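The values are calculated or read from the model by the stated rules, or taken from the named source; none is laboratory data. Quick caveat, the model's predicted, so the values are computed rather than measured. Quick reminder, even Gly has a Cβ in these numbers, built from the backbone with ideal geometry, and neighbours come from all protein chains shown.
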Amino acid sequence: MSVKDELASSLADNLNKQFKDTKVAYFLDGSDTTPTDIKDFVSTGSTLLNLAISNKPNGGIAVGRITEINGLESSGKSLIGAHILAETQRKEGVAVYMDTETSVSREFLEAIGIDVGNMLYIHLETIEDIFEAIEKIVVKIRESDRDRLVTILVDSLAAATTKVELEADFDKDGWATSKAIILSKAMRKITQMIGRQKIALIFTNQLRQKL
């Protein structure tokens, strides 16, 4: 471990005193627990995929981070997400499935190894409602058991609409712009909320091909 620079140490101390409610300045040499530290992983069910995304064969998706699984239609996005939920339950965590497509079946989830009797299934249609529900889950965890692993799978962003879209006529323009703005704002807020929590947040999304 290197000797700390006195000026850098002094700056860190001053900043942390200024922001009394939370620590904001760190050193990344292992002497501090920092927001960049990944404390746990949840397996995808595939050793090769774990290795590819986390550089650890027993790794997977990072806890305290947002993960997006994107691909073409019927390319296995929901399958990977379901395996991650099953692994969450094996680690005695809470599995939450937010479904916007209503295409998942109990038989499919049970075949993957999910205990559907202990998986929270939430059906929501709009982006606004999805992020409001995520926020409520995070707040509840903070109040009850911060050390319990929680994995939230949103399947999928592509199928989620907005409240403006639901109320608009079919021939109105600007839908995509509205959705992009809401997503951008919501992501900024939720990233900060889960960064220090034992929560893995996963979104599936669909790639489109231009013809």
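Residues in the range 57-88 that are closer than 20 Å to His123 by Cα, in a helix (DSSP H, G or I) and in contact with a Gly (Cβ under 8 Å, 6 or more places away or on another chain): 5 in all. Picking from residues in the range 58-76 that are on the phi < 0 side of the Ramachandran plot and polar (S, T, N, Q), the one that is surrounded by the most Cβ atoms within 10 Å (Cβ to Cβ) is Thr67. Of all the residues that make up the range 126-156, how many are within 26 Å of Lys179 (Cα to Cα), modelled with pLDDT of 90 or more and not in a helix (DSSP H, G or I)? Of the residues in the range 126-156, 6 are within 26 Å of Lys179 (Cα to Cα), modelled with pLDDT of 90 or more and not in a helix (DSSP H, G or I).
Yes or no, residue by residue, for (1) among the acidic types (Asp, Glu); (2) surrounded by 13 or more Cβ atoms within 10 Å (Cβ to Cβ); (3) in contact (Cβ under 8 Å) with a residue 40 or more places away in the chain:
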site: Arg106; (1), (2), (3): no, no, no
site: Tyr121; (1), (2), (3): no, yes, no
site: Thr126; (1), (2), (3): no, yes, yes
site: Ile137; (1), (2), (3): no, yes, yes
site: Ser144; (1), (2), (3): no, no, no
site: Arg148; (1), (2), (3): no, yes, yes
site: Ala159; (1), (2), (3): no, yes, yes
site: Glu165; (1), (2), (3): yes, yes, no
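Among the residues of the range 187-206, what is the count of those that are of a type in the set (Val, Ile, Thr) and either touching a Cys at 6+ places or on another chain (Cβ under 7 Å) or outside any helix (DSSP H, G or I) (or both)? Walk me through how you get there before you give the answer.
Residues of the range 187-206 of a type in the set (Val, Ile, Thr): 190-191, 194, 199, 202, 204.
Narrowing further to those that are either touching a Cys at 6+ places or on another chain (Cβ under 7 Å) or outside any helix (DSSP H, G or I) (or both): 199, 202, 204.
Total meeting the criteria: 3.
Which residues, counting only those in the range 96-118, are farther than 14 Å from Ser78 by Cβ and outside any helix (DSSP H, G or I)? Once the filter is applied, which keeps residues that are farther than 14 Å from Ser78 by Cβ and outside any helix (DSSP H, G or I), the range 96-118 yields Val96, Gly113, Asp115. Residues in the range 161-184 that are within 24 Å of the chain's Cα centre (by Cα) and either modelled with pLDDT of 70 or more or in a loop (DSSP other than H, G, I, E, B) (or both): Thr161, Thr162, Lys163, Ser178, Lys179, Ala180, Ile181, Ile182, Leu183, Ser184. Within the range 11-52, can you find the residues that are touching a residue at least 12 places away in the same chain (Cβ under 8 Å), outside any loop (DSSP other than H, G, I, E, B) and surrounded by 14 or more Cβ atoms within 10 Å (Cβ to Cβ)? Ala12, Phe41, Val42, Leu49 - these are the residues of the range 11-52 that are touching a residue at least 12 places away in the same chain (Cβ under 8 Å), outside any loop (DSSP other than H, G, I, E, B) and surrounded by 14 or more Cβ atoms within 10 Å (Cβ to Cβ).
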